[in-house]
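Please treat every number below as a calculation from the coordinates, not as lab data. Please read all numbers here as calculations on a predicted model, not as lab measurements. Ideal geometry is used to build each Cβ from the backbone, glycine not excepted, and the neighbour counts take in all protein chains shown.
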Amino acid sequence: MSKVYSSSLLKHHTNKSESGNFDSRLRFVVVAVYIIALLIGVRLFFLMVYQHEFYLSLASGTQEVVAELTPERGQVFIQDTRTSEEFPLAINRDYYSIVADTKTESARIPDQETAKHIAETLAQILQYDDIKKDELIAKLSQENKVYILIEKKIDQKTRDTIAAHNFPGLHLIPKPYRYYPEGKTGAHVIGFLGYDEEKGEVGRYGIEGYWQNELAGSPGEISTVQSAIGRILPLAGRTVKPAEDGSDLLLTIDRTLQYFACDRLERAVVEYEAVSGSLIIMDPKTGAIRSMCSVPTFDPNDYGKVTSIDVYNNTAIFTPYEIGSIFKPITMAAAINEEVVKPDTYFYDSGSKDGVCQHPITNAGKVVFKDTTMTGVLEKSINTGMVQVVTLLGKHPFRDYLERFGFGVKEGLELDSEQTGVISSLYINKKDQIDCYTATASFGQGITATPLQMAVAYSAIANGGILMKPYIVEEVRKPSGKVEKTKPTEVRRVLSGKASALVGAMLVSVVDNGYDGAAHIDGYFVAGKTGTAQIAGRGGYTSETNHSFAGFAPVDDPKFTMVIKLEKPKRQYASYTVAPVFGEIAKFALDYYQIPPSR
């Protein structure tokens, strides 16, 4: 009996022990599950909240497919200002790349013999020499190449010639390129489309550079979703943001004037052995630029073939210089407007002006003119006479007039790389007394300006005394169809109508009776002035000179203002270089616009 009791008791104790162990293990499992669940929850919270953007971007990068939609670059046009007929200056044209394939089974160059035949035929069409032909044979002899670039940017005619042979494994791939139908004519006006490693194709210089954003337009994009194995998921849909094409531009440039004037300037640079040349023709009543040339020039279709990148600079707006005697009418106009002198005001020239600068101021060639008038001062280009004029006018009023004429500031023309001249020497001495800087500035030395600034100032004399803002873009044509027209802008009145008329008449006398007779045109009143300015060097002025001519015609109803500059020509005076060039171009322009003689 006692043994049975002991056995039962032992069994009961054993069951109780095993139950306790089970409960402990169960509690351990439950705690472990809770801990694991908590860790998972914390991790999910961290991933879904704190790293949400990272994994969203990662998913987009692996599943979302985005392709850029390229806009079409806007075109640029010039015109015949008599008929409003338009001509393309910058357009987009398809060229072709030649690509070979020696790998793809269904469309490849099948063997070495065929490769050699293709290379020899292409070499003949592309006018390769023996060295380039051998290089081409070596290229096409490569095996297992899907893409072998042979040539890029070939024209339509060459493409058609190659396509006619129907070569196996050869592909002609179209790609739009910028094309400039006028070649070097207007090169500095239009600039060119270059390449930037970060931005890709981007406008450089001229219109292409200044109007880059408007011409380029805005790229669009198309996005969709792909599966893990790279297949597009149709049900995922797609998002399309259309590209916005660039705006078209119509310039104020007259195609015929541009061609004739730039050709004549280029011939003058060669004839007189000048380093460079610049020319601007401007409508004095509106500020519209009708022609703008710079020599040496380049072909924007092949802009890389230049001897120096300086060739890209449009010297008509980029290169300030000491303008010399074409500045004298500006000083004279200010004095006449202030009524401190008249055209017939008497002046005696002794040939020298002492006590103003360290050395006496003399006339060119140290000539003495004795008795004359203010008109004679301009006709004979008398330096001492201009010192007398600025002395009567006063230093501060003189400086104020220069600012009102727009000197020392940019004109704001819509072309890349415009620079401004410098008149800071007139601010060195605060006193109102005439110093050396003011005296020499009166005849265009010690201050600088660009041909554009001189054209704008002369236009104010020509049009009755109003400074007009120059512009070269007549219309901006948006891809939406909206057209923005440029309206002529009056900056300020600089001279009275009477003063501008008097100065205009004085400049006619300069052409008729002065050194500038080569600019005379029978039957017309032509106003103008030459300038022969020594070029500053170390320690003073050198024997080298810049030649300029500024003028307008016909004086009674001006159709154009023109400024011409030649850098370091191998002739002594501007009256023998730029004056005849002005006369020839002015006569052409008067005939072109069919302006009847009034004289």
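Before moving on, here are some points about what is shown:
- Backbone geometry of segment 301-312 corresponds, through the Karplus equation with coefficients 6.51, -1.76 and 1.60 at θ = phi - 60°, to 3J(HN,Hα) couplings of 6, 9, 5, x, 8, 10, 6, 7, 5, 4, 4, 5 Hz, x marking Gly and Pro.
- Whichever aspartates and glutamates have a C-alpha closer than 12 Å to that of residue 153, once near sequence neighbours (fewer than 8 apart) are set aside: 94, 302
- Mean projected area of the Cα convex hull of segment 91-182, taken over all directions, amounts to 6.2 nm².
- Within the straight-line cut-off of under 20 Å between alpha carbons, the aspartates and glutamates reachable from residue 241 are 64, 68, 72, 214, 221, sequence neighbours fewer than 8 places apart in one chain being disregarded.
- Partner aspartates and glutamates for residue 132 [C-alpha distance under 16 Å; skip if fewer than 8 residues away on the same chain]: 120, 151
- Put the Cα centre of segment 355-401 next to the Cα centre of segment 449-485 and the gap is 32 Å.
- Radius of gyration and Dmax over the Cα atoms of segment 450-599, both given in Å: 17.6, 59
- Cβ-based charge dipole, the chain, positive-most Cα from 240, 36, 566: 36
- With respect to the chain, whose longest principal axis is taken over its alpha-carbon atoms, helix 112-125 is tilted by about 20°.
- At 1.002 mPa s and 20 °C, Stokes diffusion of the chain via Kirkwood alpha-carbon radius, µm² per second: 72 µm²/s
- Angle of helix 451-462 to the longest C-alpha principal axis of the chain, folded into 0 to 90 degrees and rounded to 10: 50°.
- Close amide H partners of residue 491, meaning residues 5 or more places away or on another chain with modelled amide H under 5 Å apart, are 467, 468, 469.
- Cross-link check: pairs 410/469; 342/469; 175/199; 184/587 evaluated at a Cα-Cα cut-off of 21 Å; pairs beyond the cut-off: 342/469; 184/587.
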